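One structure is given here, and the rest of the page talks about it.
Each value in this text was obtained by applying a stated rule to the coordinates, not by laboratory testing. Everything quoted here is computed from the prediction, not taken from an experiment. For neighbour counting, all protein chains shown are included, and Cβ atoms are generated from backbone atoms with ideal geometry for every residue, glycine included.
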Amino acid sequence: MSENRSSFSGRIGFVLAAAGSAVGLGNLWRFPYLAAQYGGGIFVLCYIILALTFGFALMTTEIAIGRKTGLSCIGAYKKLSSKFSFLGYIAWVVPIIILPYYSVIGGWVCKYVAVYLTGQHNAAAEATFFKNFAMNPTSWVEPTGWFLLFLALTAAAVLLGVEKGVERVSKIMMPILIVLMVAISIFVLTLKHEVLDSNGNPTGEVRTALQGLRYYLVPDLSGFTFKTAVKTVCAAMSQLFYSMSLAMGIMITYGSYTKKDTDLVKSVNQIELFDTGVALLAGLMIIPSMFAFKGAEGLAANGPSLMFISLPEVFAQMPLGRFVGLVFFVLVFFAAITSSISLMETIVSMVMDRTRLGRTAACIIIFLVCLAVGIPSALGYGVWDGVRLLGLQFLDFFDFISNSVIMPIVALLTCILIGWIIGTKTITDEVCRNGEKFGRKALYEFMVKYLAPIFLVVILVFSVLSAFKIIEV
Ligand code: TRP
């Protein structure tokens, strides 16, 4: 760990950097498809409640740990309690699992940039286009090729140390992305679609995007059983970890770069608001229109491919669709590559800290590891469709192991460490060190000591039991 840690110039710099790491494919790609899969409004409601309670408590904890210790995750946990130093290592494994499959999705984004650049936008609007590309059972060149391109770009940026440059570009791109998303969402809400029967003949019934908006925002409690409730909360929780880059040591590192006089409460609120806002906007862009085109069942059936199937369909109906599509996917690419660079940078700097390897060697090794782990994810929907781990395709498996198993374990142990071993006072004192008002202090203490641990145990048990098919969901 370097002696002279660089620090953020001010609070806004810190908030923007942390939000930049948090906003990525998690918001744009993962949130909408989970919301579609888990019943729309009800998922969104669960997510918002969790963000305001768990998200707030965990992010405050991690950033405060970072600022207090001035170290990144392995060192920080060790400094808090030598018995818990293993926790830093577990947290550190998470980016290694996430980065390879993150790059597979990043590769899909690259593919769509190329598609819009070369004017294949009409072909891309066909429902089979995505399947022929990423889920083709005979071709392995395309899925692995785009994955490799994205991973290589990430590695090159980390190797050349140009991440500052990329970050600067993405700081300009981010606001443009948000403006574009708002514009696309408004356009999307004007769409309607005539429902076809099973033979493809018009039924005369028209489904509007506004009905889809209702599906997206108004929780529908009919048919909501205990089982679906647990399932929805589990999915929302895994999404929270992923989207806010929690339970993997990243926010500890960001915290360690923060100046002592920065108001942490305000910062956490703003990072959360930003991250959740972008996710909600992404859903707004994708779900109402897909609902109009495909109905609720059709929406849920797409899974991880949702964004790549729904948006080209919308762009095809938009004036200047090819241009808007191109700009959109380029912006998504920037959001994705800043996140993947930050993921790889975390892994590489930790390898450099722990071994005698230089940056180049560490980079090459991590690149090769990601390549080996990522290829099965890239091929999992196509050529290797037959291979399943715990009944899941590779990409879903890695996603499950990191977000639904390891991250809840890290979060649980962090809560036990803070709530029961060293005491929440360590954190609350750090938060209030300049006399800041910690408005939700009581909530914070209750969350970390009681509610979060209980919830996390339930979620872990449930995830593992359902993965091993011990309970049927
Ligand atoms: N939160 C990021 C997203 O929403 C993904 C992510 C997870 C990440 N862990 C990270 C990004 C660590 C940067 C660093 O896409």
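Quick one: what are the phi-derived ³J(HN,Hα) couplings along the range 76-93, Karplus 6.51/-1.76/1.60 with θ = phi - 60°, whole Hz, x for glycine and proline?
Values, residue by residue: 5, 5, 4, 5, 5, 7, 5, 5, 9, 5, 4, 4, x, 5, 5, 4, 6, 5 Hz.
Filter the cross-link list K266/K441; K68/K260; K68/K425; K83/K259; K227/K469 down to pairs whose alpha-carbon distance in this structure exceeds 18 Å.
Among K266/K441; K68/K260; K68/K425; K83/K259; K227/K469, the Cα-Cα distance tops 18 Å for K83/K259.
Could you pull out every residue, at least 5 positions away or on a different chain, whose amide H is within less than 5 Å of the one on V195? Hs are placed 1.01 Å off N in the peptide plane, and Pro or chain starts have none.
For V195, whose amide H was placed from the backbone, the distant partners under 5 Å are T203, G204, E205, V206, R207.
Give me the angle, in degrees from 0 to 90, between the Cα long axis of helix 452-467 and the longest principal axis of the Cα atoms of the chain, rounded to the nearest 10.
Taking Cα atoms only, the helix is inclined about 50 degrees.
Sorted by average packing, counted as other Cβ atoms within 10 angstrom per residue and highest first, what order do 73-81, 228-236 take?
The packing order, highest mean first, is 73-81, 228-236.
Could you name the lysines whose alpha carbon sits less than 22 Å from that of K192, not counting residues in the same chain fewer than 8 places away?
K294
Kindly rank 211-224, 343-356, 102-115 from highest to lowest mean number of other beta carbons found within 10 Å of each residue.
102-115, 343-356, 211-224
Please work out the Cα center distance from the range 152-197 to the range 236-304, rounded to the nearest Å.
Result: 14 Å between the Cα centres.
Extension gain S82-R214, at 0.36 nm per residue separation less the Cα-Cα distance, in nm?
Computed gain between S82 and R214 is 42.4 nm.
Which distance in nm do the two modelled labels at W140 and I454 give, with both placed 7 Å along the Cα-to-Cβ direction?
So the two model labels end up 5.0 nm from each other.
Specify the angular offset, from 0 to 90 degrees and rounded to the nearest 10, of the alpha carbon long axis of helix 407-416 from the longest principal axis of the alpha carbons in the chain.
30
What would the Debye equation give as log₁₀ I(q)/I(0) for the chain at q = 0.06, 0.08, 0.11, 0.12 Å⁻¹, counting only Cα atoms as equal point scatterers?
With one equal scatterer per Cα and no solvent, log10 I(q)/I(0) is -0.25, -0.46, -0.89, -1.07.
By average Cβ neighbour count within 10 Å, what is the ranking of 448-456, 306-314 from highest down?
Top to bottom by mean Cβ count within 10 Å: 306-314, 448-456.
Output ³J(HN,Hα) for the range 114-131: one whole-Hz value per residue in order, computed from phi by the Karplus curve 6.51 cos²θ - 1.76 cosθ + 1.60 with θ = phi - 60°, and x for Gly and Pro.
5, 4, 6, 5, 9, x, 8, 4, 6, 4, 5, 6, 6, 4, 7, 4, 5, 4
Once both labels are modelled 7 Å past Cα along the beta-carbon direction, what's the N201-L357 spacing in nm?
Calculated label separation equals 6.4 nm.
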